[in-house]
Amino acid sequence: KQEVTQIPAALSVPEGENLVLNCSFTDSAIYNLQWFRQDPGKGLTSLLLIQSSQREQTSGRLNASLDKSSGRSTLYIAASQPGDSATYLCAVRPTSGTYKYIFGTGTRLKVLA
Amino acid sequence: NAGVTQTPKFQVLKTGQSMTLQCAQDMNHNSMYWYRQDPGMGLRLIYYSASEGTTDKGEVPNGYNVSRLNKREFSLRLESAAPSQTSVYFCASSPADSVYGYTFGSGTRLTVV
């Protein structure tokens, strides 16, 4: 059964730092991996979608990489800002079973001004 | 704004009461999903509809029913609410049930007392 793990569960960094959030998954048979942002009391906003054939995707200060064979993805945030404070979730879409996204429990990020 | 709309945003129910959570998308997506989010457990799939006219159980379907009313709307019904169903419920949609990412609604926070 596919499992998705995000470590650490929480992270505090000073403003301006570059940081990396980690996501690992147990089964490499996936269609894609998606990173989301969730603000307190809000829904999920899609940040980046990486297909299984891709190695990385970039959007502004965000860069997500995928190493399917090792079951890992990282979300790199450059020059962090207080507005980046949120919970970041990764989800993988398996190629077998119900084919639906399986989510990690997230990393709660706080960027200190 | 185009997207996924959920109603209501907040609801308090007494044990045994019933209610229906509504979800509508205006992106002409074929697939729709209901998840619940609980602290420390991430998002878990309740039911999904790969296309209009079809519905299937997800990971935690007990105590729930769904209706795919048309291509736009996918409702979730609690027939006899229990305190264990206190959660935040999210609806999501996707162009198709395969390699595409999800778009989420803003959620319904449900408390069962």
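Just so it is clear, none of the values below were taken in a lab; they were calculated from the coordinates. The shown structure was predicted, so the numbers you read here are calculated from the model rather than taken from an experiment. Reconstructed Cβ throughout: ideal geometry from the backbone, glycine too, with neighbour counts over all protein chains shown.
Values computed for the structure shown
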{"read-out": "For the stretch B:49-111 and the stretch A:70-90, distance of Cα centres in Å", "value": "27 Å"}
{"read-out": "Ranked B:12, B:112, B:66, criterion: other C-beta atoms within 10 Å, fewest first", "value": "B:12, B:112, B:66"}
{"read-out": "Residue mean of other protein chain beta carbons inside 10 Å, B:38-44", "value": "4"}
{"read-out": "Chain A: relative contact order as a whole-number percent, Cα under 8 Å and 6+ apart", "value": "37 percent"}
